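Notes follow the structure.
The values are calculated or read from the model by the stated rules, or taken from the named source; none is laboratory data. Predicted, not measured: the structure shown is a model, and the values here were computed from it. Cβ coordinates were reconstructed from backbone atoms using ideal geometry, including for glycine residues, and neighbour counts include every protein chain displayed.
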Ligand SMILES: NC(=O)c1ccc[n+]([C@@H]2O[C@H](COP(=O)([O-])OP(=O)(O)OC[C@H]3O[C@@H](n4cnc5c(N)ncnc54)[C@H](OP(=O)(O)O)[C@@H]3O)[C@@H](O)[C@H]2O)c1
């Protein structure tokens, strides 16, 4: 299995740290050329490899860590995404629901990646928490996964486990998945729960 992270900002780098912690190779890419990302990639770990977007999308599993509206641009990198798994870590917070054809944001994203298996995941933790070791006081930090494609979730859950997280399957995007979807200016009940708890 090969992995890439598209988007190398707060979330992309946090996830790259999770891969580096377990010594799992991961390609990282953004709109900037690989040379611009390489110093930061190397600083995270020797198996975090900066490549072009075109090369990154050769991976089997691609984590989407770009601003929500940019998913369409990333989707243009391939005419067809068959045999690829997209892990959608984006949130559409602030995007009016009527701009999403009434769909949960990840179902809207899935439309752009023709043929891909899409799993929503890793979107509910703030980047600083996502970057930290998920093994906390002997427990494993939870990641919520949801998908309309039943077969897609198992390999993503296996990856989450490999990275040290405890995956919780929420079911379809419109069912349990709704708990981790931002809608308009409202967060799903499970999003950023840790942060809200600390602020209360
Ligand atoms: N920040 C958080 O705590 C957090 C937590 C959970 C989920 N999220 C979600 O995760 C996503 C990323 O958030 P972030 O905070 O990591 O954003 P960010 O720090 O602004 O990083 C976004 C990254 O995406 C790249 N990018 C933008 N457009 C691109 C394109 N068309 N193709 C390839 N790369 C592109 C940018 O690099 P270039 O400018 O070099 O292209 C940058 O590396 C958002 O959807 C956000 O809602 C954020």
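Summary of computed values
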read-out: Counted residues, the range 143-167 - those being within 15 Å of the chain's Cα centre (by Cα) and crowded, with 17+ Cβ neighbours inside 10 Å; value: 14
read-out: Scan of the range 108-122 for residues that are part of a loop (DSSP other than H, G, I, E, B) and over 12 Å from the mean Cα position of the chain (by Cα), ordered by number; value: 113, 114, 115, 116
read-out: Checklist (1) over 19 Å from the mean Cα position of the chain (by Cα); (2) assigned to a helix (DSSP H, G or I) applied to residue 55, failing item; value: (1)
read-out: Sole residue being in contact with a helix residue (DSSP H, G or I) (Cβ under 9 Å, 6 or more places away or on another chain) and touching a residue at least 40 places away in the same chain (Cβ under 8 Å), chosen from 114, 90, 95; value: 95
read-out: Selected residue (criterion: farthest from residue 72 (Cα to Cα)) from residues of the range 14-30 that are surrounded by fewer than 23 Cβ atoms within 10 Å (Cβ to Cβ) and touching a helix residue (DSSP H, G or I) at 6+ places or on another chain (Cβ under 7 Å); value: 22
read-out: In the range 1-27, the residues that are free of Cβ contacts under 8 Å to residues at least 60 places away in the same chain, away from the ligand (no atom under 15 Å from the Cβ) and under 17 Å from residue 165 (Cβ atoms); value: 20, 23
read-out: Whichever residue in the range 37-49 is surrounded by 15 or more Cβ atoms within 10 Å (Cβ to Cβ) and farther than 16 Å from residue 11 by Cβ and, among such residues, is nearest to the ligand (Cβ to nearest atom); value: 38
read-out: Subset of the range 176-185 [out of contact with any strand residue (DSSP E or B) (no Cβ under 8 Å at 6 or more places or on another chain), surrounded by fewer than 21 Cβ atoms within 10 Å (Cβ to Cβ) and not in a strand (DSSP E or B)]; value: 178, 184, 185
read-out: Qualifying residues in the range 123-166 (those that are part of a strand (DSSP E or B) and within 16 Å of the ligand (Cβ to nearest atom)) - the one farthest from residue 113 (Cα to Cα); value: 142
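Listed here are the residues, each with its yes/no results for (1) under 20 Å from residue 187 (Cβ atoms); (2) modelled with pLDDT of 95 or more; (3) more than 18 Å from the chain's Cα centre (by Cα); (4) not in a loop (DSSP other than H, G, I, E, B).
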{"site": "42", "(1), (2), (3), (4)": "no, yes, yes, yes"}
{"site": "63", "(1), (2), (3), (4)": "no, yes, no, yes"}
{"site": "103", "(1), (2), (3), (4)": "yes, yes, yes, no"}
{"site": "106", "(1), (2), (3), (4)": "yes, yes, no, yes"}
